[in-house]
1. If I go through region 81-115 residue by residue, how many of them are over 29 Å from residue 145 (Cβ atoms) and of a type in the set (D, E, K, R)?
2. Scan the helices (runs of 4 or more DSSP H) fully inside region 60-177 and keep the ones with 2 or more residues being touching a residue at least 60 places away in the same chain (Cβ under 8 Å).
3. Go through region 6-47 and give me each residue that's hydrophobic (A, V, I, L, M, F, W, C) and at pLDDT below 70.
4. Out of the residues in region 175-206 that are of a type in the set (S, T, N, Q) and buried (at least 18 other Cβ atoms within 10 Å of the Cβ), which is modelled with the lowest pLDDT?
5. Is there a residue being under 26 Å from residue 178 (Cβ atoms) and modelled with pLDDT under 70 anywhere in region 228-237?
6. Counting only residues that are within 21 Å of residue 214 (Cβ to Cβ) and of a type in the set (Gly, Ala, Ser), which one in region 139-169 is surrounded by the most Cβ atoms within 10 Å (Cβ to Cβ)?
7. As an exercise: evaluate residue 35 against (1) in contact (Cβ under 8 Å) with a residue 40 or more places away in the chain; (2) assigned to a loop (DSSP other than H, G, I, E, B); (3) within 23 Å of the chain's Cα centre (by Cα) and give the number of the one condition it does not meet.
8. Answer yes or no as to whether residue 10 is loosely packed, with under 14 Cβ neighbours inside 10 Å and either in contact with a Lys or Arg (Cβ under 7 Å, 6 or more places away or on another chain) or within 19 Å of residue 161 (Cα to Cα) (or both).
Amino acid sequence: VSPMMPFRDNVTLNRTLTWILARQQPDGSFEHDGPCFHYRFCDGEFRRESLTALVLYSLTRDNSSDYMPEFMRRRLFDGENSPVMRAHRYLVSRVADIKPHYLPITLFEIAFVQNRYIPSDLRQKIYDALVARKLTVVPEDNSKYLKFADDKMTRDDQLLLNSMTALLYTYYNNYRTAFDMTRWIANQLTLHPHYDTVLDGIFCSDALIRLGKLFHKQFDMSKVDITIDVAADNGEKKQFKIDSKNFDVTQMFHFTVPVR
């Protein structure tokens, strides 16, 4: 469905969409008895709710209705009883039970907020709940993250939750907080570079990409002109120049070891 695809196989898209929609239940939820590759969302008591949120997120992501084929748009969005609206109403009905559970409720919020059809009052409620979650500040660099005392929450759980929370802040155009959180996330990825599941990488990458878009909106990139001089104790030197043309390009230089 992505607009970046060089071509679309509409026959395969239609078959895949038919398979997905065949799993929608009368109450609007999505259920499937097969394996799920994201155990945090699919192995717990809220499997059905999480699967429904993932489907809603996937089908409405980045205003997909603007560029998907017309036959898909009609099947997904036409009418109050469309699959998207039914899934949305099901998730709304489950919020009260899900709210105490950090990972699924954050997934719910992402599925809601990135959907352009979200009611304004629900959008405001999600933002109020988001900013009410106290962030811990790291003294060394003033980066921020959500910290939990839950013994069951692993490091990977916490990284995923913080990535999703940073993503939420980008949807509300809160550049400052999203930037502070993604700096913490980047530090964690340096220390622990392996994602636990594919979705961890998707949500983290989504947050970083959206933060980059916010950055370009916040600052006049035509005025960027930065020079960085790097020197190692073995005498090797490198000068990096950063301007509007290469700002989004990673520059690397490999020093001869040993280097402190």
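The values are calculated or read from the model by the stated rules, or taken from the named source; none is laboratory data. Remember, it's a predicted structure, so these values are computed and weren't measured experimentally. No Cβ is skipped: glycine too gets one built from the backbone with ideal geometry, and neighbour counts run over all protein chains shown.
1. 2
2. Filter on region 60-177 gives 70-77, 83-98, 102-113, 155-171.
3. 36, 37
4. Out of the qualifying residues, it is 188.
5. no
6. That would be 166.
7. That leaves (1) as the condition not met.
8. no
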